[in-house]
Each structure stands twice: as C-alpha cells, then as structure tokens.
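The values are calculated or read from the model by the stated rules, or taken from the named source; none is laboratory data. In this text, all values refer to a predicted model and were calculated from it rather than measured experimentally. Methodologically, a virtual Cβ is constructed for each residue, glycine included, from the backbone with ideal geometry; neighbour enumeration extends over all protein chains shown. Ligands, DNA and RNA are excluded from the accessible area calculation, which covers all protein heavy atoms including side chains. Shrake-Rupley method; radii C 1.70, N 1.55, O 1.52, S 1.80 Å.
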Amino acid sequence: MRLLIYSKALYSTWIYYNPDRLLFDAGEGASSILGNKAFAIRRIFLSHGHADHIGGLIGLVNIRNNAMGDKEKELSIYYPEGNYFVSEMMNFIARTNRRLSYSLEWIPVKPGDRIELLGGQMPRYVEAFPTVHVHNEVSLGYNVVEVRHRLKAELAGASQEEIVARAKADGREAVTEYYHQKLFSYGGDSVGLKPAYVADTEILCHDTTFLDEEDRKEYKHATLAEAIQVARAARVKHELLCIHISSRYKSKIREIKAASGVYEGLSFKVTFVPPGRIFTAE
Ligand SMILES: [Zn+2]
Ligand SMILES: [Zn+2]
C-alpha cells in the first residue's frame, strides 16, 4: 500500500503516504480510521488551515499520547508560515496537551523549503510550493522528491565498453548525472496548479471539487477539466488522483467510469477518489 486516502469536499481530507510515513493534511477521522498507523506517522504536512484539513489533528496528537502503541516516537507538523488558523490550532493543542509523552514540533514552511526525509545513496525530501486557494489565507502544496542518478544523455548511443572505459578513466561522475524525480505531488485545495511546480511527477493528487465546470461559482478549488489540463502540461508519468470531490457527484463518478474511452490519449491514468470512502492505491 502506497497511499491511504480519505477525501470528501468540505468534510475531511487526509492522505497517508506509506513509503515515508507522511500524512498530508489531517481532516476529521484521520486518527480513528488510521488506527495503528496513526503511531507510524513521522511527519504531517498541512496545505492550509481549513477545518476539513486540520480538524483531525486534535485526535491524532492525543491518541499518540494515550492509546497503546509507541509513545516515544516524535512527530513534526509542517504548515504554511503565517497561517492564522493553523497557529490557533497549534496554541489550542499546546494548551490542552501540557504533558505529551513524545516530542511534538511545529515547523513553519515557505515555498521552496526542503525537508529531508532520507539520506544515503538515494536521498529523498519534501519540497513546498505555492498554491492558490482563498485570497486571505496562505496555502502550500508539497512534492516528495527522490534524488537519482542516470547515464548522461550524451552517452545514450555509446557502447557498454565505451561507458566502462570512460568511467574508469574519469570516474563515475563523467558518465552519470543526478536528477530529482518527483514521486508524489499534493496541491491541497488549490485552483489549477502551476504545471512547473509538479512537472514530471509520478503521481499528482489534484483538487477536483467540481466535475462539472458550471457548478463552480467562484474561482476557488479546481474542476476535473483543469486538473487534467495541469496533469497533461506537467507531463504526469503515472497517475492523476482526483481528490476533494464534492459528494453531489457520487453517481456521476460511476457514469464517467462507465463511459470508456473518455480519457483516451492521456499518458497517465485518471483515478477518482470516491468522496466519503477509504481509498487505497497500489
Ligand atoms: Zn478542503
Ligand atoms: Zn480549503
């Protein structure tokens, strides 16, 4: 299991990213549904401070203090610097949890900030990028990025012997180059993301509150058409995960799925996370 998602517009959104034990947003129900996995979470990344994205924090912080399980594990909560609602939540949790058995850290984040997850041969980090949701609140999206190396493009036509000889003579750096591969991108409640921020990502998790263009009354959140447009422009490699879908579309999702061939010609899969249901990927 790579992802465990619950997302229903206005009610609650949270995404558990299993490989690095990250939680993106923490809407209501996160701790009760995650159960034991709530103890596994190492870092929480908040996109913004709306209740449907932070309402589950109280339960999460509390359960790790009280229930059976590893109480020593530290927890870091990253949030958009200057976000008023998150600051209020932070104060509330601090005042009502004076004796936590584990270390809880709140870390303000700005666009471009990197949070290291893993060192070693293939380091991994989370990078924040700016998003647009409501005009009076700062919001962020996040990429999980892995640093990999590959053969230099100029050596694509070279023979194995040539490459080996070159590496022997000038070192490994002469034949390989590093590149940063986005594994997972999450844009919170943003309107259509700027494709450059999520370029070449493997999995894009994009707001799709409105499946029908005409249902969106103000420029807030995104539509399915916009999410697909962003994913296409960003050259998403594997999958567009449509989240934050309004529950009014429950039957519409079935219709879209039934209409085969609607998304022909896309180089990635389009998956709808059904509102109000637990969704697992891989
Ligand atoms: Zn929301
Ligand atoms: Zn919101």
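Annotations for the structure displayed:
- Ratio of Rg to Rh over the chain (Cα coordinates, Kirkwood Rh, two decimals): 1.02
- Solvent-free Debye scattering, log10 I(q)/I(0), computed from the Cα coordinates of the stretch 71-207 at q = 0.09, 0.14, 0.20 Å⁻¹: -0.43, -0.80, -1.18
- Listed residues L155, A40, F85: farthest to the positive end of the dipole of the chain (Cβ charges): A40
- Size of electric dipole in the stretch 111-160: Cβ of Lys, Arg +1 and of Asp, Glu -1, about Cα centre, debye, nearest 20: 280
- Taking Cβ atoms as reference points and 11 Å as the exclusive limit, the residues near R2 contribute a net charge of -4, counting Lys and Arg as +1 and Asp and Glu as -1.
- Cut-off 12 Å between beta-carbons: net charge of the residues surrounding A174, Lys and Arg +1, Asp and Glu -1: -1
- Probe 1.4 Å, protein heavy atoms only - accessible area per residue of the stretch 116-249 in square angstrom: 48
- Diffusion constant of the stretch 1-153 at 10 °C, which comes from Stokes-Einstein with the Kirkwood Cα-pair radius and 1.306 mPa s, µm²/s: 99
- To put it simply, the accessible area of the chain at a 1.4 Å probe is 49 percent carbon and sulfur.
- Structure-based [θ]222 nm, the chain - -39500 (n - 2.57) summed over DSSP H runs of at least 4, per residue, nearest 500: -6500 deg cm²/dmol
- Of R98, R166, R232, the one that fluctuates the most in a GNM where the chain has Cα springs shorter than 10 Å: R166
- Remark: the stretch 57-213 carries a charge dipole of roughly 620 debye about the Cα centre, counting +1 on each Lys and Arg Cβ and -1 on each Asp and Glu Cβ.
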